[in-house]
Amino acid sequence: MGDASSPQPVCMTGNRGCRSLPALAAAFAVAALAACAPEAPTVSPEQRLAMIPTGEPLLSCRGDCLAAWRAAEPQAAGLAARRQWTDLALLLLRANYEDDLTTYYLAEAAQGMGYRNAAASYYRQSIELSGGPSSCMAYSRVCGGVSLPRAARVRLAALGRPAPRSRPSRAEKAAPRMAEPAAAAAMPDIEALPPPLPPVPPSPVRAPSRDEEQYIEPPPAPR
């Protein structure tokens, strides 16, 4: 005979097996908790825009978002051509479509906003997506005239080099250089000069004597 304290299985008509009452109660409790659990809060595109400097993947939708991306792709190409990086990033985050082209555009936006490390991360992600079924050539057939993954590799290599120094313009090169002003002659130190000599009094004028007044100079001798 079985133990009277052990739960007796409850068999239901039409079921192949039997479940004990505690097992049924636990199953109902799990179902009730799942039904009452709150949904995870949705992160808005504006909030994800602030996460671009991290370089973390921000695009996650595929087939369900393909139609939205096909409609937004011409606008994305125009924003990239006009270098409107913040608007481009928001457009990509709202479409939320992920492939090598959208990730490439996101890398361009990050680079244009000054986040070089994040841009390098998104260029790498674009290169990885280009080699699989998530590439634009393999799935959406919308590549925006961008040659991927070659364009992403070129941009990634350029980020690894130091920023070039600014070169002088042609006008600056053609302009003649102004001669440097000559150094002014050193002024003598007045204190080091000797004191000036006292002025010499003029000699008194002597009146001629009577003999000198009567003297007549003889004529020159004949030759």
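Taking the conditions exactly as written (farther than 26 Å from Val43 by Cβ, out of contact with any Gly (no Cβ under 8 Å at 6 or more places or on another chain) and in contact (Cβ under 8 Å) with a residue 12 or more places away in the chain), does Ser130 satisfy them or not?
Details: farther than 26 Å from Val43 by Cβ: yes; out of contact with any Gly (no Cβ under 8 Å at 6 or more places or on another chain): yes; in contact (Cβ under 8 Å) with a residue 12 or more places away in the chain: yes.
Yes, satisfied.
The rows are residues; the columns are (1) open to solvent by 80 Å² or more (accessible area, probe 1.4 Å); (2) in contact with a Phe, Trp or Tyr (Cβ under 9 Å, 6 or more places away or on another chain); (3) among the small types (Gly, Ala, Ser); (4) in a helix (DSSP H, G or I).
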{"residue": "Ala118", "(1), (2), (3), (4)": "no, no, yes, yes"}
{"residue": "Tyr123", "(1), (2), (3), (4)": "no, yes, no, yes"}
{"residue": "Ser126", "(1), (2), (3), (4)": "no, yes, yes, yes"}
{"residue": "Pro133", "(1), (2), (3), (4)": "yes, yes, no, no"}
{"residue": "Val142", "(1), (2), (3), (4)": "no, yes, no, no"}
{"residue": "Ser147", "(1), (2), (3), (4)": "no, no, yes, no"}
{"residue": "Pro162", "(1), (2), (3), (4)": "yes, no, no, no"}
Give just the number: which of (1) closer than 21 Å to Arg155 by Cα; (2) open to solvent by less than 20 Å² (accessible area, probe 1.4 Å) does Trp85 not satisfy? (2)
Any chance segment 50-67 includes a residue that's in a helix (DSSP H, G or I), open to solvent by less than 10 Å² (accessible area, probe 1.4 Å), out of contact with any strand residue (DSSP E or B) (no Cβ under 9 Å at 6 or more places or on another chain) and free of Cβ contacts under 8 Å to residues at least 60 places away in the same chain? no
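Given the criterion open to solvent by 20 Å² or more (accessible area, probe 1.4 Å), over 22 Å from Ala138 (Cβ atoms), free of Cβ contacts under 8 Å to residues at least 24 places away in the same chain and in a helix (DSSP H, G or I), identify the matching residue among Gln111, Gln47.
Details: Gln111 fails: free of Cβ contacts under 8 Å to residues at least 24 places away in the same chain.
Checking each option against the conditions leaves just Gln47.
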Residue pairs qualifying under the 6 Å Cβ cut-off, at least six apart or on distinct chains, with the first in segment 152-166 being under 15 Å from Tyr122 (Cβ atoms) and the second being open to solvent by 100 Å² or more (accessible area, probe 1.4 Å) and at pLDDT 85 or above, are Leu159/Arg116
For the list (1) surrounded by fewer than 16 Cβ atoms within 10 Å (Cβ to Cβ); (2) more than 24 Å from the chain's Cα centre (by Cα), I need the number of the one condition that Gly78 fails. (2)
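Residue by residue through segment 89-108, note down the ones that are farther than 17 Å from Gly55 by Cβ and in a helix (DSSP H, G or I). Break it down into steps so the answer makes sense when it comes.
Of segment 89-108, the ones farther than 17 Å from Gly55 by Cβ are 90-91, 94-97, 99, 101.
Selection gives Leu90, Leu91, Arg94, Ala95, Leu101.
The values are calculated or read from the model by the stated rules, or taken from the named source; none is laboratory data. Since the structure is predicted, the reported quantities are computational estimates derived from the model, not experimental observations. In this analysis, Cβ positions are derived from the backbone assuming ideal geometry, glycine residues included, and neighbour counts consider all displayed protein chains. Heads up: the accessible areas ignore ligands, DNA and RNA and are worked out on the full protein's heavy atoms, side chains in. Shrake-Rupley method; radii C 1.70, N 1.55, O 1.52, S 1.80 Å.
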